[in-house]
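Since the structure comes first, as structure tokens, the remarks are kept for the end.
Just so it is clear, none of the values below were taken in a lab; they were calculated from the coordinates. Just so it is clear, the structure is predicted and the values come from calculations on it, not from any experiment. Note that we place each Cβ from the backbone using ideal geometry, even for glycine, and neighbour counts take in every protein chain shown.
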Amino acid sequence: MTDVRNSWYGPLAPIRTQCFCQSHLHPQLSVDFYQYGTFSDDPCWKCLLKCYGLTLNIMSSAGQVDTQAWANQFPYVTPQIAQKCSNSIVSEPDLCEKAYLLVKCSYDTLAKQYPAKNFECSVVKGTVLMCFLFGANVHKLIVNDVVFLCKL
């Protein structure tokens, strides 16, 4: 999924600053999505997605989704995925929520097509667990100051 997220970064580059200013999103939430696949439910994240959708003419101010524009502008999003996800949010009145649900549906659908790689991990303190990382070749993972040593 890292490749999917990275491919979505490009189409947004020209409007990123504009939409960050409109949504008041804390930049770390965007970093967390692109680097780690963390999909926040923060209201500002949702409104950032709305700004992207409106500015790129993927979504109208009336909430109608142009599935062809969505599929054309974002790699990995097929017309079928765009249509399926658009159909699932048709009754949502809030544009921020609608944009969030549209992108989340697309992302979740793609995550099923490009499943996470399973890494065997051991925690430095001795506990063994399984790490599920989205395609990243990570050998060391630090979460809340706990170091995980991971290998394929």
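Values computed for the structure shown
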item	result
Among residues of the range 68-112, those that are among the charged types (D, E, K, R), under 23 Å from Q22 (Cβ atoms) and free of Cβ contacts under 8 Å to residues at least 24 places away in the same chain, counted	1
Complete set of residues in the range 3-35 that are surrounded by fewer than 17 Cβ atoms within 10 Å (Cβ to Cβ), within 20 Å of K104 (Cβ to Cβ) and among the hydroxyl-bearing types (S, T, Y)	S7, Y9, Y34
In the range 65-80, the residues that are in a helix (DSSP H, G or I) and more than 20 Å from G10 (Cα to Cα)	Q80
Spans of helices (runs of 4 or more DSSP H) in the range 1-64 with at least 1 residues closer than 22 Å to Q83 by Cα	2-12, 43-55
Residue selected from the range 42-68 under the condition over 18 Å from the mean Cα position of the chain (by Cα) and small (G, A, S), by the criterion surrounded by the fewest Cβ atoms within 10 Å (Cβ to Cβ)	A62
Residue within the range 46-56 that is touching a Gly at 6+ places or on another chain (Cβ under 9 Å) and within 20 Å of L101 (Cβ to Cβ) present	no
Odd one out for S91, checked against (1) part of a helix (DSSP H, G or I); (2) out of contact with any helix residue (DSSP H, G or I) (no Cβ under 6 Å at 6 or more places or on another chain); (3) of a type in the set (S, T, N, Q); (4) surrounded by fewer than 17 Cβ atoms within 10 Å (Cβ to Cβ)	(1)
